[in-house]
Every structure is written in structure tokens, then in C-alpha cells.
């Protein structure tokens with residue numbers, strides 16, 4: 001369960017929208033919240049004004065202290081706070097490491113507002129450099145941090161059979177326990193292909209043809225593996241676990257389509273699975289992040305713990321398979 005939750009703020013109503021979910025999770029987990037604001041001096045006429053700089057820092061301290069007091073009074077949550085110097089992303093990541101934060105909750109955009117990209121530059125940097133799991137929210141266009149947070153009811157965890165992918169399960173379980181949410185495990189199986197030559201055309205290139213029998217066997221094996229993982233989640237203070245296997249050529253799009261069609265509230269993923277690409281987050285995770293527009297719980301390899309132990313006792317597990325292209 002979570003013990004220390006880091007919430008980066010920048011005095012904008014966009015960033016403040018992370019306070020609702022962070023407060024709800026902290027209350028359920030009996031965790032502390034650490035509020036962080038990175039001070040960015042604004043030079044006047046090419047050089048910093050010392051008095052103005054000091055007044056700005058004082059205002060930032062008062063801003064964080066007011067929020068910490070509000071959390072203590074309204075939610076009985078202990079909150080520490082700190083104004084940090086330096087580059088924003090690095091300062092946030094350093095703070096997360098120094099306090100051993102086991103979760104960072106932040107919105108994908110802050111002071112600069114919303115743009116066409118799902119993930120803003122600061123959130124993207126924290127995701128790439130933080131050693132802590134990051135729960136990212138896409139803020140509403142009309143910010144209002146007083147809007148109550150509705151706990152997640154169904155959390156999707158896409159897996160691919162690798163130890164890196166299963167590393168997010170422990171954090172996803174903690175989040176599910178805080179929300180009393182149901183876990184949905186998903187495995188996307190890509191069709192097995194055979195290479196056949198077109199005999200009517202001399203020197204023809206081989207043509208890919210789906211091997212339906214081998215693909216079906218692979219999907220059945222994936223279903224058994226997911227069911228074993230689900231059995232290992234018994235007794236974890238969460239709702240029912242359901243498992244799904246889908247055959248699709250486009251793994252990322254299949255995850256997004258399933259999430260949007262199944263009433264998923266949040267997606268939990270490792271930033272690397274079986275195959276790492278040039279992108280830090282991996283091509284599959286990157287597509288899901290930018291296409292699903294759902295809250296994302298993301299965990300990098302540095303904190304991945306490996307696969308869960310498999311047990312024989314079965315919890316309430318529902319298994320569904322689907323063949324699609």
C-alpha cells in the first residue's frame with residue numbers, strides 16, 4: 001500500500017486537479033502527501049531582481065502551506081510541502097527519490113494550459129526520469145479542483161507475458177485496493193504468420209498468410225497464463241479479476257479499443273514490455289498514453305518487481321477470449 005504520495009503543483013488550476021485523486025488515495029491508504037512546487041525565477045531586464053525573487057518564493061511557500069492546511073482540516077491528511085530550486089523535471093524527480101515516494105500523482109498539463117499533445121513536457125519528463133510510479137490525469141479544460149474525485153471501478157492492466165510488464169501489478173493492486181476496484185487483465189496476441197510464395201508468378205516474394213491454428217493455440221496459452229496470474233491476485237483486497245485475450249495485429253490500438261469499449265476507468269502499464277523501442281516508454285505504451293485519454297498509472301523498469309507468485313487457489317476470475325483483426 002502507498003505510504004508517501006508526491007503531488008507536483010505550479011499554482012495553476014490545471015495542476016491542482018491532481019489533488020482530488022491524490023487525497024482520495026492517501027485517505028484510503030493512510031498515506032502522507034508531499035506537495036512540491038519548483039521555483040522558476042523570472043529575470044527582469046535581463047537580470048534577476050532579488051527582492052522580487054524573495055517575495056515570489058514567500059508567496060509560493062504560503063500557497064503550499066494553505067493547501068496543506070486545507071488537506072489536514074478537510075481530509076485529516078498529513079501533508080508536507082517544499083518549494084524547490086532548479087529545473088522543474090529534475091527537481092521533481094530528485095524530490096521523489098529523496099522522500100522515497102511510492103507514487104507521483106500529477107496532471108499532464110499545468111501552468112501552460114492544454115495543447116494538442118496528451119502529455120505535456122513536464123509530465124513527459126517526470127515519466128521518463130522518475131523512479132517512482134506515476135499516476136497521470138488529463139485535466140479538464142475548465143479547471144476546478146473542488147470537483148469530487150470518483151474512485152476507479154475498473155482498472156485495466158495489459159500484459160505481454162514478460163517480467164517487465166508484470167512489474168506494474170503490485171502498484172496497480174495498491175491502487176485497486178484504495179478504490180475497491182476490479183482488475184481486468186488483458187493480453188493481445190498477434191496473429192502467427194506463414195510465408196508462402198505465389199506459385200503462378202516466377203521469383204515472387206513470399207506473401208504473409210495467417211496461421212489460424214497456431215494463432216488459436218497461442219491465444220489459448222495466453223489465456224492460461226493470464227488465468228494463473230489472476231489466481232495470484234487472490235486475497236489482495238480487490239474486487240473480481242477478469243481476464244481477456246484478443247487477437248490483433250495492432251497491439252496498442254487493440255488496448256485502446258478494449259478500454260474505451262469496456263468502461264475502463266484507468267490503465268496501468270509498465271513503460272517497457274517484451275520489446276523496448278527507441279522511445280523510453282516503448283511503442284505500445286506510447287500509443288496507449290496518447291490515444292486512450294484515460295488516467296494512466298505508469299511504471300518504469302527501475303521499480304518493476306518481476307512476476308507475481310502463482311498460487312493454486314482461484315479467486316473469482318472471469319475469462320474471455322476474442323478473435324479479431
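Bear in mind that the values in this text are calculations on the coordinates, not laboratory data. The structure displayed is predicted, hence computed values, not measured ones. Neighbour counts are summed over all protein chains in view; Cβ atoms, including those assigned to glycine, are modelled from backbone coordinates with ideal geometry.
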Please compute the length gained on full extension between residue 150 and residue 76, using 0.36 nm multiplied by the number of residues separating them and subtracting their Cα-Cα distance. 24.8 nm
Rounded to the nearest 0.05, what FRET efficiency do residue 192 and residue 129 give with R0 = 30 Å and r taken as the Cβ-Cβ distance? Could you check? 0.20
Sorted by packing (mean other beta-carbon atoms within 10 Å per residue), highest first, where do 257-264, 284-291 land? 284-291, 257-264
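Taking 0.36 nm per residue of separation and subtracting the Cα-Cα distance, what length does fully extending residue 97 through residue 211 add?
36.2 nm
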